[in-house]
Amino acid sequence: MALKITVIGTGYLGATHAAAMAELGFEVLALDVVREKIEMLERGETPMYEPGLEELLRRHVAGFEGSSGRLRFTQDWAEVGAFGDVHFVCVNTPQKRGEYACDMSYVESAIASLAPHLERPALVVGKSTVPVGSADRLARTITELAPAGEDAELAWNPEFLREGFAVQDTLHPDRIVVGVRSERAERTLREVYAGPVGEGSPFVVTDFPTSELVKTSANSFLATKISFINAMAEVCEAAGGDVAMLAEAIGYDDRIGKKFLRAGIGFGGGCLPKDIRAFMARAGELGADQALTFLREIDSINMRQRGQMVELARQALGGGSFLGKRVAVLGATFKPDSDDVRDSPALNVAGQIHLQGGQVTVYDPKGMDNARRVFPTLGYADTALDAVRGADVVLHLTEWREFRELDPAALGEVATARLILDGRNALDPVLWRKAGWTYRAMGRPTA
Ligand SMILES: NC(=O)C1=CN([C@@H]2O[C@H](COP(=O)(O)OP(=O)(O)OC[C@H]3O[C@@H](n4cnc5c(N)ncnc54)[C@H](O)[C@@H]3O)[C@@H](O)[C@H]2O)C=CC1
Ligand SMILES: O=C(O)[C@H]1O[C@H](OP(=O)(O)OP(=O)(O)OC[C@H]2O[C@@H](n3ccc(=O)[nH]c3=O)[C@H](O)[C@@H]2O)[C@H](O)[C@@H](O)[C@@H]1O
């Protein structure tokens, strides 16, 4: 009989995973503790903006005309326990308040709610990003709490999807990594992922600690590339070099590669920043001091970039205070094609200038509601043109396609000064300069 799957936690990761599992042909039951999320998903609506996800949901959520009906939602743990052969845990693992360490309370609570309902053989599969050593501990909790005892087993299966590409990355992953302790667990996960593996996704089988570490080290490596290029931007600025050209030139070497070498205001989001900090905290606990020192430097270069952008804006405006200056900010989300503003460098820069007295007006194609919620005191405009109207300086802080397609001449008509600072090195300097703008970017020559 085909495996039945449950997904616990229906945020960015869980909602996508649940819909993707239904797409792969499985019956899926998903649970979240937040009732509104479940109600939205039942209506085929996503709690966040993620390209392609709503369409995928509507193809499978029970109740839609023509849907497979394979995807249902609940808030009843007993129903989840009775239904599933495989339970994917996709709950959040944020940074602890006031600390760098990972807050494991949501994962622990989910396991504590689920395990007492595991009365027959089942595989619980952790997908959340956790500190190394967590799976070993959680496996013991499951065996203790589950009526099925040792027949209720744990596996770890970290997730590598990117927001904005979540559906594609889940259905066609670069690799699938599973940390298992039995052949049965491996067999079950091979069955779950037979589709993507059949299409060529590598399937890596390993132990618990390695699977946990693959995830945190992958994110740390991505963060390292970004902080490396931002350190090079600092040198380029001092020496009169061009970091965009440098990145292109080193990127032709396959061993280096072109991706993740865009200098600017650095990385943000709900994952890279908190994951490297949690990794730092865990490395410290384990006495891995070199890893700790290394990661701390990555984090500090990254955070410095935001301050550098504020300074660049100050200098561009003549060097004094921001009081009385009108600043247009294009972009609020941590990256394009997402409505996520968690630890967004764009919003952070906008906020710093606002707190120093600047009159900041923000526009973002998809992130306005979330930005207003976390930073209600900033000014917001309905269009890029409206944000730029009357501005003394324009800051380009999230590289949405919409911003690359703006007409610099039209914006120049409404701005007070034709001064643009590109915090993402993503606009075409030639185009903007031709339209009479002073274009400046981090790590690039001024003219
Ligand atoms: N967002 C992303 O792009 C990726 C996230 N991850 C990891 O996946 C995990 C989840 O991340 P997101 O989906 O972004 O978080 P999220 O905050 O969007 O979603 C988490 C969901 O879990 C629910 N939840 C919390 N406690 C629960 C409980 N005890 N029982 C049931 N549901 C519960 C929340 O209500 C929320 O809907 C994190 O560990 C993250 O690091 C991994 C790869 C990609
Ligand atoms: O663990 C996670 O949750 C995920 O974290 C990242 O995915 P995501 O947070 O969606 O965003 P990225 O595309 O990695 O971008 C992160 C940040 O780096 C910045 N960035 C990216 C690339 C670059 O060259 N320069 C740069 O500053 C982006 O603007 C953004 O703020 C990883 O790319 C995923 O593989 C991983 O699964």
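The values are calculated or read from the model by the stated rules, or taken from the named source; none is laboratory data. Because the structure is predicted, anything quoted here is derived from the model rather than measured. With ideal geometry, Cβ positions are generated from the backbone for all residues, glycine too; neighbour counts draw on all protein chains shown.
From the residues in the stretch 255-286 that are within 6 Å of ligand 2 (Cβ to nearest atom) and among the hydrophobic types (A, V, I, L, M, F, W, C), which one is nearest to D340 (Cα to Cα)? Checking each candidate, the answer is C271. Tell me, please, whether a residue that is over 18 Å from C102 (Cβ atoms), modelled with pLDDT of 95 or more, among the small types (G, A, S) and part of a loop (DSSP other than H, G, I, E, B) can be found in the stretch 250-260. Taking every residue of the stretch 250-260 in turn, at least one turns out to be over 18 Å from C102 (Cβ atoms), modelled with pLDDT of 95 or more, among the small types (G, A, S) and part of a loop (DSSP other than H, G, I, E, B). Consider S113 carefully, then state whether it is within 16 Å of ligand 2 (Cβ to nearest atom), of a type in the set (S, T, N, Q), out of contact with any Lys or Arg (no Cβ under 8 Å at 6 or more places or on another chain) and touching a residue at least 24 places away in the same chain (Cβ under 8 Å). Judged against the criteria, S113 is not a match. When residues in the stretch 39-59 are screened for being in contact with a strand residue (DSSP E or B) (Cβ under 6 Å, 6 or more places away or on another chain) and either closer than 15 Å to G14 by Cβ or not assigned by TED's automatic domain parsing to the domain that holds E163 (or both), 2 of them pass.
Residue by residue through the stretch 262-282, note down the ones that are assigned to a helix (DSSP H, G or I), within 14 Å of ligand 1 (Cβ to nearest atom) and of a type outside the set (K, R). Correct list: L272, P273, D275, I276, A278, F279.
Can you find even one residue in the stretch 217-238 that is more than 25 Å from the chain's Cα centre (by Cα) and either under 19 Å from Q168 (Cα atoms) or of a type in the set (A, V, I, L, M) (or both)? The answer is yes; a qualifying residue exists. Of all the listed residues (A110, A115), the sole one being within 22 Å of R184 (Cβ to Cβ), touching a strand residue (DSSP E or B) at 6+ places or on another chain (Cβ under 9 Å) and buried (at least 21 other Cβ atoms within 10 Å of the Cβ) is A115. For the stretch 351-370, which positions are more than 14 Å from F334 (Cβ to Cβ) and either touching a His at 6+ places or on another chain (Cβ under 7 Å) or of a type in the set (S, T, N, Q) (or both)? Of everything in the stretch 351-370, those that are more than 14 Å from F334 (Cβ to Cβ) and either touching a His at 6+ places or on another chain (Cβ under 7 Å) or of a type in the set (S, T, N, Q) (or both) turn out to be Q352, Q356, Q359, V360, T361. A115 passes every criterion in (1) outside any strand (DSSP E or B); (2) under 26 Å from S338 (Cβ atoms); (3) of a type outside the set (D, E, K, R); (4) within 13 Å of ligand 1 (Cβ to nearest atom) apart from (2). Of all residues in the stretch 129-145, which are in a helix (DSSP H, G or I) and within 16 Å of ligand 2 (Cβ to nearest atom)? The answer is S134, and nothing else.
Of the residues T10, T46, only one is within 13 Å of ligand 1 (Cβ to nearest atom) and either basic (K, R) or in contact (Cβ under 8 Å) with a residue 60 or more places away in the chain (or both); which? Being within 13 Å of ligand 1 (Cβ to nearest atom) and either basic (K, R) or in contact (Cβ under 8 Å) with a residue 60 or more places away in the chain (or both) holds for just one of T10, T46, which is T10.
Okay, residues lined up against (1) surrounded by 16 or more Cβ atoms within 10 Å (Cβ to Cβ); (2) touching a residue at least 12 places away in the same chain (Cβ under 8 Å):
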position: T170; (1), (2): yes, yes
position: V177; (1), (2): yes, yes
position: E183; (1), (2): no, no
position: Y193; (1), (2): yes, yes
position: D207; (1), (2): no, yes
position: V214; (1), (2): yes, yes
position: L222; (1), (2): yes, yes
position: E248; (1), (2): no, no
position: D254; (1), (2): no, no
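Among the residues making up the stretch 1-36, those that are within 16 Å of ligand 2 (Cβ to nearest atom) and among the hydrophobic types (A, V, I, L, M, F, W, C) are L13, A15, A20.
Close contacts from the stretch 64-93, counting a first residue that is more than 20 Å from E23 (Cα to Cα) and a second that is assigned to a strand (DSSP E or B), with Cβ to Cβ under 6 Å and a gap of 6+ residues or different chains, come to T93/C102. Here T143 clears all of (1) surrounded by 15 or more Cβ atoms within 10 Å (Cβ to Cβ); (2) of a type outside the set (G, A, S); (3) under 25 Å from G11 (Cα atoms) except the condition numbered (3).
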